[in-house]
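J.: Quick one: structure below, then a few questions.
The values are calculated or read from the model by the stated rules, or taken from the named source; none is laboratory data. On a predicted model such as this, the values are computed, not experimentally measured, just so you know. Cβ placement follows ideal geometry from the backbone for every residue including glycine, while neighbour counts extend to all protein chains displayed. Side chains included, ligands, DNA and RNA excluded: accessible areas come from the protein's heavy atoms. Shrake-Rupley method; radii C 1.70, N 1.55, O 1.52, S 1.80 Å.
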Amino acid sequence: MGKSTGFLEFERRVSQAEEPLQRIRHFNEFHTPLTEEEQREQGARCMDCGVPFCQAGVPIGGMVVGCPLHNLVPEWNDLVYRGNYKEALVRLLKTNPLPEFTSRVCPALCEKACTCSLHGASVTVQENERAIVEYGYEEGLMHPQQNIPRTGKCIAVIGSGPAGLAAAQRLNQRGHLVTVLEREDKAGGLLRYGIPNMKLEKQYIDRRVAKMEQEGIRFQYNHSVHTAKQAASVCREYDAVLLACGSTQPRDLQVTGRDAAGVYFAVEFLKATTKALWNNTLQDENTYISAKGKDVLIIGGGDTGNDCVGTSIRHGARSVLQLEMMPKAPDTRAENNPWPQWPKVLKTDYGQEEAIAVFGHDPRIYESTVKEFVKDKNGNLKAVKIVKLSWEKDDTGRMSMKEVAGSEKILPAEIVLIAAGFLGSQKYVTDA
């Protein structure tokens with residue numbers, strides 16, 4: 001696959017990111033794609049390895065290694081190298097129903113398991129994927145599938161996030177009549193209201209939904225199925241019902257002062273910003289949770305927390321800090337974290353890069369948690385008391401967190417964003 005000596009001849013290259021102090025002035029995607037010639041060179045780096053872990057999608061040591069979709073990565077890398085984007089698109093769509101999304105927001109397990117990455121830089125798989133699917137749209141190859149033989153069966157898909165969209169598309173291709181019921185005003189779920197525009201501009205969702213509608217899939221918006229009576233009605237109306245509601249129940253913090261005005265869940269904050277961008281380009285601060293001129297504390301060190309950092313900076317926050325319970329990750333792989341496992345190493349994402357550029361320091365505070373939300377006399381958040389944590393073995397030999405006595409510290413904060421993960425679907429959905 002690729003060029004037999006390509007990984008020796010060409011260095012890994014990725015799309016150029018706009019400088020942090022420039023890109024924080026807007027909410028658009030900020031990478032300039034490689035040219036076709038440069039992309040073909042990256043395809044050439046695929047090295048015809050004996051075992052392509054990039055497409056394995058198998059658990060090793062408790063972690064999934066390689067693409068969970070089993071994308072035919074070496075095949076379409078080779079086709080990119082040869083300039084045959086049309087056939088590359090055919091191979092890509094065999095396993096991936098929504099490559100315009102995964103090529104933008106997937107964590108790229110394929111690249112971490114690439115054989116090239118064992119002793120050097122991995123093949124630029126994710127950007128090759130994006131180049132292929134965008135070529136397909138530009139050349140009119142992503143045309144709607146027409147004249148699908150119908151089975152006469154009607155299926156309801158509850159939720160239009162990535163799982164709902166993918167399932168609706170596959171079921172429709174099998175000939176069933178599919179209706180997607182979405183409680184929000186637009187399709188996309190997490191893609192639209194959980195991932196900010198900087199990572200995924202929303203016209204790509206609209207483009208895909210328009211294609212699906214042309215293929216016969218119906219979308220009903222502002223349609224919440226949240227009671228047993230409504231659920232029973234849907235079950236009577238359709239031959240089958242598929243729940244694709246997502247894991248949208250956020251993990252909360254039960255500490256003193258949790259009821260302070262100014263404490264929000266992260267997705268609540270990100271969703272409000274996305275809606276206000278669409279409706280009034282953030283001109284009306286009453287329509288979203290504005291961080292302008294405020295001290296912001298984000299609880300959680302994952303992708304959602306990083307998205308809150310980048311969004312807060314674009315609002316014009318006075319300061320941004322990010323609290324992380326875990327210790328700082330090492331710069332290189334530990335001995336117990338060998339290739340091709342996912343590397344448990346320090347990752348500085350776009351939001352953190354921007355915070356360093358704006359404020360002069362990394363926003364992350366490690367091995368710490370919130371002990372109290374401090375309110376003013378009107379019930380508004382004014383500060384947060386945090387405490388350091390140490391990781392110690394308990395009586396069973398398991399590692400557990402212990403507060404470090406005397407390590408409490410007060411941080412100014414007018415907005416707190418809880419990005420501590422999710423606990424599954426919201427209870428009213430499963431009850432119904």
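J.: Rounded to a whole number, what is D in µm²/s for region 157-201 from Stokes-Einstein with the Kirkwood radius over alpha-carbon pairs (10 °C, 1.306 mPa s)?
T.: In µm²/s, the coefficient is 144.
J.: A follow-up question, please. Once the cut-off is 37 Å, how many percent of the Cα-Cα pairs in the chain end up in the long-distance tail?
T.: Roughly 32 percent, once rounded to a whole number.
J.: Shifting gears a bit: Which aspartates and glutamates, on any chain, are close to K229 with Cα under 19 Å apart, when same-chain ones fewer than 8 places away are left out?
T.: Once the sequence-local aspartates and glutamates are set aside, what remains near K229 is E182, E237, D239, D431.
J.: Another question, if that's okay. Let me know the Rg and Dmax you get for region 75-205 when you use only its Cα atoms, in Å.
T.: Spelled out, the Cα radius of gyration and Dmax of region 75-205 are 16.6, 54 Å.
J.: While we're here: Which lysines, if any, have their Cα less than 24 Å from the Cα of K371, not counting same-chain residues under 8 positions apart?
T.: List returned: K294, K328, K382, K385, K388, K393, K402, K409.
J.: Still on this structure: How long, wide and thick is region 1-101, going by the Cα atoms along their three principal axes, in whole angstroms, largest first?
T.: Sorted from largest, the Cα extents of region 1-101 read 45, 34, 27 Å.
J.: In nanometres, what is the gap between the two model label sites at W391 and K94, each 7 Å from Cα along Cα-to-Cβ?
T.: The modelled label-to-label distance comes out at 4.1 nm.
J.: From Cα coordinates alone, what are the radius of gyration and Dmax values for region 332-432 in angstrom?
T.: 18.5, 54
J.: Okay, moving on. What's the ranking of 231-244, 308-321, 287-300, 385-398 by average number of surrounding C-beta atoms within 10 Å, highest first?
T.: 308-321, 287-300, 231-244, 385-398
J.: For Cα pairs less than 8 Å apart in space and 6+ apart in sequence, what is the mean separation divided by the residue count of region 229-355, i.e. the relative contact order in percent?
T.: For region 229-355, the relative contact order is 18 percent.
J.: Region 111-152 to region 172-217: how many Å between their Cα centroids?
T.: Taking the Cα centre of region 172-217 as reference, the centre of region 111-152 is 18 Å away.
J.: Using r as the Cβ-Cβ distance of T35 and T5, and R0 as 25 Å, what FRET efficiency do you calculate, to the nearest 0.05?
T.: It comes out at approximately 0.70.
J.: Report ³J(HN,Hα) in whole Hz for each residue of region 25-31, in order, from the Karplus equation J = 6.51 cos²θ - 1.76 cosθ + 1.60 where θ = phi - 60°; Gly and Pro get x.
T.: Couplings: 7, 8, 10, 8, 4, 10, 10 Hz.
J.: Can I ask one more? Can you return the aspartates and glutamates within cross-link range of K275? Criterion is Cα-Cα under 14 Å, with same-chain partners fewer than 8 residues away left out.
T.: Leaving aside aspartates and glutamates fewer than 8 places away in the same chain, those within reach of K275 are E184, D185, E201, D284, E285.
J.: For region 285-391, what is the convex hull (Cα atoms) projected area averaged across all directions, in square nanometres?
T.: 8.6 nm²
J.: Quick check on the chain: of the DSSP beta bridges with both residues there, what percent are antiparallel, nearest 5%?
T.: Roughly 45 percent of the beta bridges in the chain run antiparallel, per DSSP.
J.: Using the Karplus curve 6.51 cos²θ - 1.76 cosθ + 1.60 with θ = phi - 60°, work out ³J(HN,Hα) for each residue of region 225-231 in order, rounded to whole Hz, and write x for Gly and Pro.
T.: Working through the residues one at a time gives 9, 10, 10, 4, 5, 5, 4 Hz.
J.: State the percentage of accessible surface on region 169-315 attributable to carbon and sulfur atoms; use a 1.4 Å probe and exclude ligands, DNA and RNA.
T.: 48 percent
J.: Please list the equivalent ellipsoid semi-axes of region 300-343, computed as the square roots of five times the alpha-carbon gyration tensor eigenvalues, in descending order and whole angstrom.
T.: Calculated on Cα positions only, the semi-axes equal 29, 11, 8 Å.
J.: Peptides 53-62, 182-191: what's the order by average Cβ count within 10 Å, highest mean first?
T.: Sorting 53-62, 182-191 by mean packing, highest first, produces 182-191, 53-62.
J.: Which far-off residues, 5 or more places away or on another chain, put their amide H under 5 Å from the one on V157, with H placed in the peptide plane?
T.: Here the answer is T179, V180, L181, L242, since their amide H atoms fall under 5 Å of that of V157.
J.: Something else: Relative contact order for the chain: what percent, with Cα pairs under 8 Å and sequence separation of 6 or more?
T.: That works out to 15 percent.
J.: Round to the nearest 0.05 the FRET efficiency obtained for Q203 and E408 when R0 = 45 Å and r is the Cβ-Cβ distance.
T.: 0.45
J.: What number comes out for accessible area per residue over region 315-369 if the probe is 1.4 Å? Units Å², please.
T.: 52 Å²
J.: Per-residue HN-Hα couplings for region 364-369, Karplus 6.51 cos²θ - 1.76 cosθ + 1.60 at θ = phi - 60°, whole Hz, x for Gly and Pro?
T.: Values per residue, Gly and Pro as x: 7, 10, 8, 6, 9, 8 Hz.
J.: For an R0 of 41 angstrom, estimate the FRET efficiency from the Cβ-Cβ distance between T332 and D239 and round to the nearest 0.05.
T.: 0.15
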